[in-house]
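The values are calculated or read from the model by the stated rules, or taken from the named source; none is laboratory data. Please read these numbers as outputs of a predicted model, since none were measured by experiment. Counting neighbours? That spans all protein chains shown, and the Cβs are built from the backbone with ideal geometry, glycine included. All accessible areas refer to the heavy atoms of the entire protein, side chains included, with ligands and DNA or RNA removed. Shrake-Rupley method; radii C 1.70, N 1.55, O 1.52, S 1.80 Å.
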Amino acid sequence: MSINQLQNDDAAIAKSKAQQKVKSESLTPLQRKIRKLKRDPKLFLADSKAYVGAQKTVYLTRAKMGSFAFVVLASLLVIIYYSVIASPRYVSQVQFVVKQVSSSDIPVIGLAAIGTSSPSTRDALILQEYILSSEMALALDDLLNLKAHFQQNQWDILSRLKADSTQEEYIEFYQKHIKAVYNEMSEILLIEVQSFDADFSLKLAKAVLSTSETFINQLGEGMAVQQRQYAQSEVHRAYDELKRQQVSLLKFQDENNLYNPEIKSAALVEAVNGLESAIIKQKTELKSLQAYMRSDTAEIKSKEFQVAALEQQLNEEKLKLTNQDQLALNKVNVDFKELELNALLATDLYKSALASLQAIRAESFKNLKYLLVVERPKLAEQEKYPQRLYSIFTWFVAIILIYLVGRLIASVIKEHKE
């Protein structure tokens, strides 16, 4: 390359620099900043007056305040979070009382009241535990897809439930966002539910109310159903036994051609008594005739035949009543009495089973439980949580205490080192 060419290149470079200098001098300050921002944003930020001023302020603050600057920084972060970032939570509440159709609660006063509780109180406490249980949490998730609502990305990361949460984490999160408080004086159970949307909170409170009604209705229904089923089975068993005894009695009557052996026995006894009376009468007449007539006369022979016939008939009738060799009426009557007694017992058992079934049905109705709603869920018009000022103040106090405890520990360690 020749000297002339080098000189020409140097002249061209110098001319270009001169043109750029003139062009740069002709730009406004705002245009210079925009050009600098486009070329190197980091350099633009580092050279900015705001950044330099903030850096100087931080250095000066740290130099003056020392470790207390961390307290100030943490407090600022808390204020920023609760003022700007924290997602609002809306509350809907419902109040109700657990009652029975027929309540026999008797107020107990004095020392006797210690350790005692009414059925309504026990039912309300059971319902309180159920509302806070995992079963209720899973039931609400099936009804309203509650877990997905808690996991939505539009809520802030510290408030929402994480996307890959387990079932146990969801239940714990649910229990933190629902409150069940029982008032022993008024027997009112207050339920307060929280969610990130006012309309969803209303739906959630209604779902809790309906699920609680279903649970309390089924609380005593299971035992009542079992009792009714047992009583019904006893009625069927008693009825079957009654029919069996009645069939046995009818079969016995058909086989023996008897409706009632007692009636026939009474008739036979009456006939025997009549025959005995007739024999006595005929024998008396015979003795009277023998007193003045010969024994071979026709009248005496007739009386003797009548007495013999009556005595033979009497023996036959007595054999019908009692006989060791054949089935006499007394033995038939004993068997009949046993069958009749079994039928009567089966009838009494059937009546008793029916009465027990009716009593259990009446008792089941008396023990029927229901919810008396004192306050129904309403749509929230403004957020209730987080309590921003209260939370900021609480966190500030906690940070101060942590800072003071840390300083104290550091001082003790320093003294021991020295």
Exercise for the section: Just give me the residues in the stretch 367-418 being within 29 Å of the chain's Cα centre (by Cα), modelled with pLDDT under 85 and of a type in the set (D, E, K, R), in sequence order. Expected result: 369
Exercise for the section: Please tell me if residue 190 is open to solvent by 30 Å² or more (accessible area, probe 1.4 Å) and not charged (D, E, K, R). Expected result: yes
Completion exercise
When residue 380 is run through (1) in contact with a Phe, Trp or Tyr (Cβ under 9 Å, 6 or more places away or on another chain); (2) assigned to a helix (DSSP H, G or I), the failure sits at (2)
Exercise for the section: Determine whether residue 351 is under 15 Å from residue 231 (Cα atoms), open to solvent by 70 Å² or more (accessible area, probe 1.4 Å) and at pLDDT 65 or above. Expected result: yes
Practice task
Could you tell me whether the stretch 209-226 includes any residue that is touching a Pro at 6+ places or on another chain (Cβ under 9 Å) and either β-branched (Val, Ile, Thr) or modelled with pLDDT of 90 or more (or both)?
Solution key: yes
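Residue-wise test of (1) of a type in the set (Lys, Arg); (2) part of a helix (DSSP H, G or I); (3) modelled with pLDDT of 70 or more.
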site	(1), (2), (3)
236	no, yes, yes
252	no, yes, no
271	no, yes, no
287	yes, yes, yes
313	no, yes, no
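Which of the following residues is closer than 14 Å to residue 128 by Cβ and modelled with pLDDT of 90 or more: 178, 171?
Checking each option against the conditions leaves just 178.
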Problem - Any hit, the stretch 397-412, residues being of a type outside the set (A, V, I, L, M) and touching a Ser or Thr at 6+ places or on another chain (Cβ under 6 Å) - result: no
